[in-house]
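A short reminder: the numbers here are calculations on the coordinates, not readings from a lab. Here the structure is a predicted model, which means the values were calculated and not measured. Quick reminder, even Gly has a Cβ in these numbers, built from the backbone with ideal geometry, and neighbours come from all protein chains shown.
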């Protein structure tokens, strides 16, 4: 499962690989007795270095005896050589004291090289022997030294300690970089860096300072706001903190280094600091916000008490529709569905002087019960394994099957505009995709479900009914079984009365990783739902259900507490898989009075995460958004541009490519990812990205999931990929208004 705090983990990992080319191990506990320890502070440039500790039984070889100069080669067995030391020819036996070094020993100078760093033909540096012992044959049997090294004529780039069969304490520091969250221009981002004495000797720390990396343009100068480490002496294992901040300019990244003076041989320990500004799609300008049957103008670009509003529709003439009004101002005299262009000028100013221009589109005005929702079951209406709803047997390559969603009794036979389905593919013989669309209409170019060979995977689909009241399923390749569960339906104007949709900020209702234990086989867990002042008028909740770290093949089922568990699945998984699926689940009251629903696991043990994204009211509750289904259309495919979604700059779908809406319903697919990760999707407003995932994907996997997304002020959507880049496909299914 992805991390939920919004960190740019992919970017930081990439920086670590490019800038350091090294490793970072956990802080080591102080060893008891003589230790075999090799520490190395390493970096590709003088300004960029990270500390690491290896507590090893080092392979120490190249030992010499007799009158030959002492020599020692040290490193972790099977991992290569990290350190080579040789005594000067004029002082062949090492003894406590200071030695200046070059790459090859001379009469007066010792040799010191660091092969694992590479890229250096001439090393210069020094080491201090703190403890040494030889056997009767003159061979080294114990050695403690601290070393420092520079490549060619450059600044000191590495240093560390070797303790071989010696209990002399060593100094080592670990610096955990601050987590600087993205902010808009002009807003400070603040974080805390933790400094830990990871060695076995007490250390006194100096004042921390910033440095830029690789000449990358900096933001406004970052600052150390509070340094709780400066002047402190820490015992082994103790920590202190440094509070840092950077002022975003809304444009440039910050790639830098936090340097902490300490008692290590190099004299300081560094770690990377990365900050990426939030490039907002919102502008502090005039906005035409859609309303039901109206358009509201707000956020003027200038400061004036009153304004004149001019409007034109299509190619028509611009006319003044309001005079001396304050903003926000609502235009209720608009044609449904038609875009209008507005221009506002301060009252009294010549209207021929150009003002800020913006285009707005009103929301539809619902008629009767149009777009209300009624939750159902879930009820299985198709199972090709058993012949439920269709003929028995897998669906073949290029084959289409049709079914009646009302056949299971979960929805009425009339008054339905669209159905909410969970479609599952199981036992496919080849990679394939499944298309779901209204029966009797042309086969769409978009897919609803993507499957790998042998994989079982569900995806929620919202689809209008065909003229015959049926829905069609088309399998692209190979043979696969298909299962369809009805979760609810949206009404026509003359259909049954349902409830409206109330989107909310994503709220984590359950995470067994942080509270509780994994759900065992045939076990269930209660997920409480709390909607302030309205829980008893909640018919169903809109959720994202994620399974992670499963130990066996199985599935999850979510259902209300006032009924027996249905024989359906909401999420299917294989061992070790992380997979998410959108679902709408009815709720009920438990015996203890709490409202919620059950989630059960069919096999093995697995962690479960439930994010609540909104709720549907009962038929008795007025208000809420209505849903309008649309013909499925592809609005974004990054494969055509060659630029995948990433964790730095959001991929924005502008509002003019989508219908006017409060929230859009899309099928979001991640594909061609080089590593595992997750997608986040939101309206593109605010400084922070969402902390909940919309799609979880594995390397090279096609991973779809339905998402309901509140739009930004300009009607836009934004998508980002975290932990790994991924190409993104967005298919539009409908909208809430």
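Overview of results
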read-out	value
Footprinting exposure proxy for 200, 106 (fewest neighbouring C-beta atoms within 10 Å first)	106, 200
Net length gained if the chain between residue 523 and residue 320 were fully extended (0.36 nm per residue, minus Cα distance)	66.5 nm
Net length gained if the chain between residue 333 and residue 640 were fully extended (0.36 nm per residue, minus Cα distance)	106.5 nm
Relative packing of peptides 223-234, 658-669 - highest average C-beta neighbours within 10 Å first	658-669, 223-234
Approximate spin-label separation residue 445-residue 209, in nm, with each point projected 7 Å along Cα-to-Cβ	5.9
Residue 292-residue 504 pseudo-label distance in nm [points 7 Å out on the Cα-to-Cβ vector]	2.2
At R0 = 35 Å, FRET efficiency that the Cβ-Cβ distance of residue 691 and residue 141 yields, to 0.05	0.05
Calculated FRET efficiency for the pair residue 388/residue 590, C-beta based, R₀ 30 Å, to 0.05	0.45
Three-way shape label, segment 473-552, alpha-carbon gyration tensor, a/c 1.5	oblate
Gain in span if fully extended, residue 232 to residue 356, counting 0.36 nm per residue against the direct Cα distance	38.9 nm
Residue order, fewest to most surrounding Cβ atoms within 10 angstrom, among 437, 188	188, 437
Ranked packing of 376-387, 477-488, 340-351, 399-410, most packed first, by mean Cβ within 10 Å	477-488, 376-387, 399-410, 340-351
Residue 103/residue 128 FRET efficiency (R0 22 Å; Cβ-Cβ; nearest 0.05)	0.70
Highest average packing first - 729-735, 241-247, Cβ atoms within 10 Å	729-735, 241-247
Three-way shape label, segment 501-617, alpha-carbon gyration tensor, a/c 1.5	prolate
